[in-house]
Amino acid sequence: MADGTDQKSSNQMWGGRFASGPSAIMEEINASIGFDKKLYAQDIRGSMAHATMLASKGIISTEDKDKIIEGLNTILSEIEAGTFEFSRKLEDIHMNIEARLATLIGTAAGRLHTARSRNDQVALDFRLWVKEELQKTEGMLTALIAAFLDRAEENADTVMPGFTHLQTAQPVTFGHHCMAYVEMFGRDRARVRHAIEHLDESPIGAAALAGTGYPIDRHMTAKALGFREPTRNSIDTVSDRDFALEFLSIASICATHLSRLAEEIVIWSTPQFGFIRLSDAFSTGSSIMPQKKNPDAAELVRAKTGRINGSLVALLTVMKGLPLAYSKDMQEDKEQVFDAAESLELAIAAMTGMIRDLEVRKDRMRAAAGSGYSTATDLADWLVREAGLPFRDAHHVTGNAVALAEKKGCDLADLSLEELQAIHPDITKGVFDVLSVEASVASRTSFGGTAPSEVKKQIAWWRGRN
């Protein structure tokens with residue numbers, strides 16, 4: 001507040017129950033204004049809807065409602081202009097705004113809190129904030145998916161090695177690999193949308209925990225605040241932080257996906273792999289080694305996953321033993337969510353930029369795709385399909401062919417027909433149609449497979465879904 005607040009006025013906000021002010025330690029542990037001031041817009045929005053409803057039901061006068069809304073608009077302007085002075089002695093955003101409102105409009109401010117409690121008020125503010133953050137996350141994930149779809153379309157035919165255990169397994173296309181991340185981030189986006197649906201209920205009007213005897217209209221405030229409907233149990237309403245836990249759970253899963261991608265970017269950008277080049281915008285140099293180009297953005301995305309996961313564990317631990325209804329422990333919910341949201345936003349934005357800017361080195365991917373005898377499974381499949389061998393026998397024959405190629409220091413496709421027939425007489429020259437990496441990927445036409453034709457179908461499906 002512009003004129004400051006002394007200990008006496010702070011106590012007056014509480015009423016006559018507390019004759020003396022809290023100690024400095026109590027003030028330090030109790031105050032949340034340092035972080036919950038982030039909820040100012042939601043708090044003011046909720047108060048405006050509540051005041052409008054109270055006036056419509058004749059609980060407060062229209063004149064008082066108009067004063068309240070005018071005062072709240074003034075406070076909103078002050079906060080956004082940076083001229084509002086937040087007071088730790090007033091504990092939280094709700095009391096800071098209410099005290100300033102009293103200074104601006106006098107006794108009418110005291111009528112605003114009719115038929116509500118700080119318990120349902122904070123539940124409303126926090127729920128509104130999380131809903132808005134989820135909507136923002138949904139948009140950012142859509143942009144990341146679009147970036148991957150563009151790269152997949154450009155590289156539907158780009159051959160690269162597919163890995164299991166980080167060992168060369170079978171050839172795939174880079175487009176197919178990009179589409180794997182489209183699926184992952186698509187699930188994240190679906191979880192975000194479900195979470196918005198789950199939390200789309202208005203808490204205001206539940207009061208402290210038992211509801212209120214005033215003839216309020218909770219459906220009216222729910223509609224005014226953009227919620228589907230009001231919550232249905234007042235005890236659960238002020239106790240519920242599932243929406244915050246669900247946000248953190250979604251953030252943790254999404255951050256894990258981002259971290260896996262970051263790890264691949266780190267590996268692919270090394271000279272040993274050389275599959276991609278990162279732009280200067282998302283790399284840094286070394287203070288001592290001039291040749292270095294470090295993938296710092298990817299590494300920091302990978303690291304932020306630890307912070308986000310930690311926030312989820314922290315809030316789960318806070319909530320795990322709380323009896324119904326509200327407990328002050330729940331004040332510890334916001335910093336974890338705020339920090340995780342900031343970290344997730346930054347990580348998604350950085351990764352979207354990296355994917356859009358990176359240079360794909362198709363020659364290096366193609367050279368690596370044929371290494372490690374990646375078409376061995378194609379040889380085994382050919383033996384089953386064309387020579388009629390049981391798969392286990394075909395697997396054994398293929399293993400002998402790989403051993404011979406390894407001994408000679410060549411690829412499977414470089415073995416002669418005579419050498420292959422010495423391993424199994426039913427092998428014909430037709431086998432060479434499947435031993436190239438291009439033939440291998442082109443043959444994988446099963447639904448969801450790596451064949452370029454199938455990758456293009458999946459790209460089209462996802463573009464239609466967006």
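The values are calculated or read from the model by the stated rules, or taken from the named source; none is laboratory data. What you are looking at is a predicted structure, and each value in this text was computed from that prediction instead of being measured. FYI the Cβ positions are ideal-geometry reconstructions off the backbone, even for glycines, and counts take in every protein chain you see. Remember, those area values only see protein heavy atoms, side chains included, never the ligands or the DNA or RNA. Shrake-Rupley method; radii C 1.70, N 1.55, O 1.52, S 1.80 Å.
In straight Cα distance, which lysines are under 26 Å from LYS407, not counting same-chain residues fewer than 8 positions off?
LYS429
Given H placed on each backbone N at 1.01 Å, which residues far from ILE427 in sequence or on other chains put an amide H within less than 5 Å of it?
Close amide H contacts, sequence-distant or interchain: none at all.
Give me the percent of the accessible area of the chain that comes from carbon and sulfur atoms, probe 1.4 Å, all protein chains in place.
It is 53 percent, rounded to a whole number.
Quick query: amide H of MET160 versus all other amide H atoms, modeled in the peptide plane; which residues come in under 5 Å with a sequence gap of 5 or more or a different chain?
Counting only residues 5 or more places away or on other chains, the set is VAL172, THR173, PHE174.
So, in Å, what gap is there between the alpha-carbon centers of the range 240-270 and the range 389-413?
40
Highest mean first, what order results for 381-391, 67-77 on Cβ atoms within 10 Å?
For the peptides 381-391, 67-77, the packing ranking is 67-77, 381-391.
How much length, in nm to one decimal, is gained on full extension between ILE25 and PHE432, taken as 0.36 nm per residue of separation minus their Cα-Cα distance?
Answer, rounded to one decimal: 138.6 nm.
Tell me, what ³J(HN,Hα) does each residue in the range 91-104 have, in order and in whole Hz, if you take phi through Karplus 6.51 cos²θ - 1.76 cosθ + 1.60 with θ = phi - 60° and put x for Gly and Pro?
My calculation for the range 91-104 gives 6, 9, 5, 5, 6, 5, 5, 5, 5, 5, 4, 4, 5, 6 Hz in order.
Kindly provide the helix-only [θ] at 222 nm of the chain, computed as the sum of -39,500 (n - 2.57) over DSSP H runs of four or more divided by all residues, to the nearest 500 deg cm²/dmol?
Rounded to the nearest 500, it is -20000 deg cm²/dmol.
Within 10 Å, count the other beta carbons around each residue, average over each peptide in 352-359, 428-435, 319-326, 35-42, and list them highest first.
35-42, 352-359, 428-435, 319-326
Along the positive direction of the dipole of the chain (beta-carbon charges: Lys, Arg +1; Asp, Glu -1; about the Cα centre), which of ALA210, ASN96, ALA123 reaches farthest?
ALA210
Between GLU386 and HIS194, what is the FRET efficiency for a Förster distance of 41 Å, r being their Cβ-Cβ separation, to the nearest 0.05?
0.30
Can you give the relative contact order of the chain as a percent, counting alpha carbon pairs under 8 Å and 6+ residues apart?
16
Where in the range 53-95 does the amide nitrogen come within less than 17 Å of the point 7 Å from the Cα of PHE35, taken along Cα to Cβ?
Only 88, 91-94 pass the distance filter.
Could you tell me how far the Cα centroid of the range 442-461 sits from the Cα centroid of the range 215-234, in Å?
48
Identify, among GLY306, LEU324, ALA368, the residue whose Cα sits farthest towards the positive end of the charge dipole of the range 304-394, taking +1 on the Cβ of Lys and Arg and -1 on the Cβ of Asp and Glu, with the dipole about the Cα centre.
Looking along the dipole axis, the top candidate is ALA368.
Going Cα to Cα from LYS38, which lysines come in below 21 Å? Please leave out same-chain ones fewer than 8 positions away.
Once the sequence-local lysines are set aside, what remains near LYS38 is LYS89, LYS131, LYS136, LYS328, LYS334.
So what's the net charge close to ARG444: Lys and Arg +1, Asp and Glu -1, counting the other residues with Cβ under 12 Å from its Cβ?
Summing Lys and Arg as +1 and Asp and Glu as -1 gives -4.
When we measure straight from the Cα of LYS57, which lysines land under 24 angstrom away, once same-chain ones fewer than 8 places off are left out?
LYS65, LYS67, LYS223
If you take the charge dipole of the chain about its Cα centre, with +1 on Lys and Arg Cβ and -1 on Asp and Glu Cβ, which of ALA190, VAL434, THR164 is farthest toward its positive end?
The residue sitting farthest along the positive end of the dipole is ALA190.
Rounded to the nearest 10 degrees, what's the angle between the helix 118-154 long axis and the longest principal axis of the chain, both from Cα atoms, 0 to 90?
20
Calculate one ³J(HN,Hα) per residue across the range 414-421 by plugging θ = phi - 60° into the Karplus curve 6.51 cos²θ - 1.76 cosθ + 1.60, and present them in order as whole Hz with x for glycine and proline.
Result, ordered by residue: 8, 5, 7, 4, 5, 5, 5, 5 Hz.
What length, rounded to one decimal in nm, is gained on full extension from CYS410 through to ARG228, with 0.36 nm per residue of separation minus their alpha-carbon distance?
Answer, rounded to one decimal: 59.0 nm.
Can you give me the angle between helix 376-387 and the longest principal axis of the chain, using Cα atoms only, in degrees from 0 to 90, rounded to the nearest 10?
Between the helix axis and the principal axis of the chain, the angle is about 60 degrees.
How big is the charge dipole of the chain about its Cα centre, in debye rounded to the nearest 20, if each Lys and Arg gets +1 on its Cβ and each Asp and Glu gets -1 on its Cβ?
440
Just order 171-184, 213-226, 406-419 by mean Cβ neighbour count inside 10 Å, highest at the front, would you?
Averaged packing, sorted descending, gives the order 171-184, 213-226, 406-419.
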